[in-house]
2 protein chains.
Amino acid sequence: MLTINSINKGIVIDHIKAGLGEKIFSHLKLNKSKTPVALIMNVSSNAVGRKDIIKIDEHIDLDYDFLGFVDPNITINIIEDGVITDKISLELPEKIENIIKCNNPRCITSIESNIPNKFYLASGNKGIYRCEYCDGEYSPF
Amino acid sequence: MLTINSINKGIVIDHIKAGLGEKIFSHLKLNKSKTPVALIMNVSSNAVGRKDIIKIDEHIDLDYDFLGFVDPNITINIIEDGVITDKISLELPEKIENIIKCNNPRCITSIESNIPNKFYLASGNKGIYRCEYCDGEYSPF
């Protein structure tokens, strides 16, 4: 089994739904990083069957809204001196900005290019987001 | 330091020049794989300073011409029952097909879309390739 040892200092983004790791890896620009980073995909997980994991060998700012929107089941461990000093659970963010685009061709954001794409969480259970301008529905699942 | 334990069975693509790992990972379609795979970037290496590593938890066919063209210093370890059973060193391939495109706008491959892009190694020391049709130069370095 492919496993990765713990890191001494940095961030572990764990329990990523299998297949979504690469998207997150690219969004966080880790593919352009000069720091040691690892993208591990499709490893076994008792909790979720298969999962992806990202390890970053330093502390960087993370876009929690993006991560929570992509997969609210992600957990984030902050490591210091080989010990987990903080464990962050995510949830679907109430609002997101410039993460997804409105599909409605008549929406103002489809017509005017300089208007930010803003969505609000309309149904937490179903993970449904609606455009702040036209109420157009967008579901991440 | 971020490290990855050995795998029991599979392939380790090692000593990839730092920064090229993601390109190889995508080319081998490991980002679409259902098998456990890992892309590790920017780890310390005594031999080359910084390097990328790819680990694959099963045996798959590799495109040695592509790998040798991208980075002839790559080494490939084949693992069986936790032991390295084969160690493959790469070199610049004599010929490559459909890996790069000819930049010459007057070359037949630029005009006709169904002609394969073939290059031959014109200077091994300098890593210079030439188009089989127009002799246009292409250097991977």
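Every number in this text was worked out from the coordinates using simple rules, so none of it is lab data. Predicted, not measured: the structure shown is a model, and the values here were computed from it. A quick note on method: Cβ atoms are made from the backbone with ideal geometry, for glycine too, and the neighbour counts reach across all protein chains shown.
Some points to look at:
- Mean residue ellipticity, 222 nm, helices only, the protein assembly as shown: the sum of -39500 (n - 2.57) across DSSP H runs of n ≥ 4, divided by residue count and rounded to 500, is -3000 deg cm²/dmol.
- Across identical copies of the chain, A:Lys87 has label-point separations of 4.2 nm, listed in ascending order, with the point defined 7 angstrom from Cα along Cα→Cβ.
- 3J(HN,Hα) from dihedral phi, segment B:77-94, Karplus parametrisation 6.51/-1.76/1.60, rounded to Hz, x for glycine, proline: 10, 9, 10, 9, 6, x, 10, 6, 9, 8, 10, 10, 9, 9, 8, 4, x, 5
- Gyration tensor (alpha-carbon) shape descriptor, the protein assembly as shown, a/c threshold 1.5: oblate
- Ordering of B:93-106, A:26-39 by packing is A:26-39, B:93-106, highest average first (other Cβ atoms within 10 Å, averaged per residue).
- Prolate/oblate/rounded label for segment A:1-86 (Cα gyration tensor, a/c 1.5): rounded
- Taking every residue in B:39-51 and counting other chain Cβ atoms within 10 Å of its Cβ, the average works out to 3.
- Ascending list, in nanometres, of distances separating the B:Ser44 label from those of the other copies (7 Å, Cα toward Cβ): 3.3
- Inter-centroid distance (Cα atoms) of segment B:44-97 relative to segment A:70-141, Å: 39
- Between copies, the label points at B:Asn114 (set 7 angstrom from Cα along Cα-to-Cβ) are spaced 4.9 nm, reported in nanometres from shortest to longest.
- Size of charge dipole - chain B - debye, nearest 20, with Cβ of Lys, Arg +1 and Asp, Glu -1, no other charges: 440
- At R0 = 30 Å, FRET efficiency that the Cβ-Cβ distance of B:Arg106 and B:Lys126 yields, to 0.05: 0.80
- Here's how it looks for A:Asn117: its modeled amide H is under 5 Å from those of A:Asn98, which are all 5 or more places away or on a different chain.
- Toward the positive end of the charge dipole of segment B:36-85, with +1 on the Cβ of Lys and Arg and -1 on the Cβ of Asp and Glu, the farthest Cα among B:Val83, B:Gly49, B:Tyr64 is that of B:Gly49.
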